[in-house]
1. Which value, in Å² and to the nearest 10, is the accessible area of residue B:129 when all protein chains are kept and the probe is 1.4 Å?
2. Of the options A:314, A:209, A:272, report the single residue whose Cα projects farthest towards the positive end of the charge dipole of chain A (beta-carbon charges: Lys, Arg +1; Asp, Glu -1).
3. Work through the residues other than residue A:279 whose Cβ is under 13 Å from its Cβ and net out their charges, Lys, Arg +1 and Asp, Glu -1.
4. Of the candidates B:23, B:265, B:276, which one comes out as most mobile in a Gaussian network treatment of chain B with C-alpha springs shorter than 10 Å?
5. Whenever you get a sec, line up B:28, A:215 from highest to lowest accessible area (probe 1.4 Å, protein heavy atoms).
6. Over chain B, with a Gaussian network built from C-alpha contacts below 10 Å, which listed residue (B:192, B:174, B:292) shows the highest mean-square fluctuation?
7. Can you pull the Rg over Rh of the range B:165-236, Cα-only, Kirkwood?
8. State to the nearest 20 debye the size of the charge dipole of the range B:10-75 about its Cα centre, where the only charges are +1 on K and R beta carbons and -1 on D and E beta carbons.
Amino acid sequence: MHLIRLTTATAAALLATTALSFAEGELNIYNWGNYTNPELIKKFEEKYDVKVTLTDYDSNTTALTKIEAGGSGFDIVVPTGNWVPIYVEKGLLLETRPDQMENFKNVAERWVDVPWDPGRHYTVPWQWGTTGVAVNKTSYSGDVNTSAIFLDPPEELVGKVNVVPEMNDIINMTIFYVGGEACTEDKEVLKKVRDTLVAAKPKWLSMDYGTTDKLKSGEYQATVNWNGSTFRARLENPEVVYGYPKEGYPLWMDAVAVLKDAKNVENAKLFQNFIMEPENAALISSFARYANGIKGSEAFMPEDMKGAPELDTPEDLQAAGQFIPVCPKSARDIYTAIWTELQK
Amino acid sequence: MTRKPPEPGVLEARLEATRVKRNWLLSLPALVLLLVGASGPLLIVLVYSFMEPGDYSGVVWKPTFDAWVQIFFSRDIFDDTLGLADAHLTIFWRSVRLSLLTTLITIAFGLPTAYFIATRPGRARVFWLFLITIPFWTNLLVRTFAILEMIRSEGLINTWLQNLGLISEPLQIMYTDTAVLIGMAYVYLPLMVLPLYAAIERFDFRLVEAGYDLYANRWQVLRRVILPIVKPGIVAGSILVFVPSLGAYVTPRVLGGGKNMMIGNFIELQFGQGRNWPLGSSLSILLLLIVMVALLFYVRVSTRESER
């Protein structure tokens, strides 16, 4: 998901910085690149007479490093959920109590008690998504709701599978596939993980990003992919289907938090409340094409997003989705070693 | 200043002193730039390679040799025995092998090209050289994607071959070492052609005639007359191609499909998802050392040439 947003300095940033120069207050937002709808910013600026400045980053590490250094001047940051506890632990976030805000009633129940911010004392939902598999139906018509698509590819897909080089997602999906738990350090499990991956690799075509275009063009017939990307590919190639691996698949949600050293705390809180309004949340989604976790926002979304199978997880597969915490260093070291062996 | 003033010249000595001082001042911007822009960051990388990795990124200020040991030896993740880090060695060997092959390919294509250009009349020569430099105007990434468009399954080459009926299934060139080689050879070819051209251009073709007069055949003329004279050009071109190939990152990533890493990609892994900056730093320094050895080799060869 990160590479998708990696495209830097967008029109959004430009629009946001040039719009209102003589506003009452200011708000400095630090968010992923190519991820913020300029219309949303404009609407907020007009409603509250606040000048918004948008700065973007390309990874959670970049954002954390910069904020930890202090004096960043940002009021709002949008880390991926599993990074929120790190921010909290380091004392970087302000406890703004979104759960007591006026629009909190719009947050879908599923997103209230999230593991990384129980009860929502710090953060407000921005967008969420899943990491699953995408398959071209013309090549394979069997069950796609399984990680076997890339870990034990069916005959028809051998040599035609891509795996995105997102280490944490892939290792954890493989851990789920062999029956382990996220971030495990259990050697038995990890041995199976390594063997499964090493055995599967010869059946892969590539380990590459840029999945949306290549799914569309048919460069490969299956890939590990994010739901939003698969959605965009399907709009142009109706043969593409999205699968939610029943063995377990990662969920992620980016969350809007206010920094402890924010200078414009009141405006930042206004913004948190503002984006929990269904109409405004829909603006977020219509730009980056992911779901947002706000009840009633579907009504305001573009027609093609309503009822999209990539955005509506089937009932029976919802439980398989898991938030993966940021794994401890000891676990990550083993994962990196497995990863190096895989890509050597 | 340290130089002894010639004969009575106290004045000359003073003049010399101011000249030296002025030269120093004039070169100061360049020195500062080198220090701040090149040596400084390199020093940071060097220092980082002797630290412990931080939890999420960065380093902890605890000196250790771990990052350097990790390059060559690794503790097996499962039975905890210390052994040669064969994954790392495989990656290094792949990089060196592909870089050497790239160099050979560019020589094979560059030599005839340079010869062709150097033997054209003056005006045409400028035109051909101009054509060679055109790719430099384009960003590396764009050039790599151009190659991708040529060789991918639905790309130009496969479509043509299929239309001509030569093949029925598209050739899988993308995502193989062959693709990486094609890409790197294409990208670095101008770096080989230009020094070769410089060497061949100076070549006195009367020597070839003299060779034939002395009953040498074509092969002997090439081997005994032409090659020794253009050799400095070949060596210079090889260095110019080998060095960037070794650190290549974009080409293997885009064309190789990322299944098999080269050093550049491996270093990126350490700074990115692996979050092991010290190991990334020590790998970078090691890469620099390899390049330095290659350059020293070049200096030795070229000085020997000029002494002859």
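The values are calculated or read from the model by the stated rules, or taken from the named source; none is laboratory data. Keep in mind that this is a model prediction, so the values were computed, not measured. Cβ atoms come from the backbone with ideal geometry, glycine included; neighbour counts cover every protein chain shown. Note: accessible area is taken over every heavy atom of the protein model, side chains too, but ligands, DNA and RNA are not part of it. Shrake-Rupley method; radii C 1.70, N 1.55, O 1.52, S 1.80 Å.
1. Result for residue B:129: roughly 40 Å² accessible.
2. Result: A:209.
3. Computed value for this residue: 0.
4. With Cα springs under 10 Å in chain B, the top fluctuation among B:23, B:265, B:276 is at B:23.
5. B:28, A:215
6. B:292
7. 1.24
8. The dipole magnitude comes to about 320 debye.
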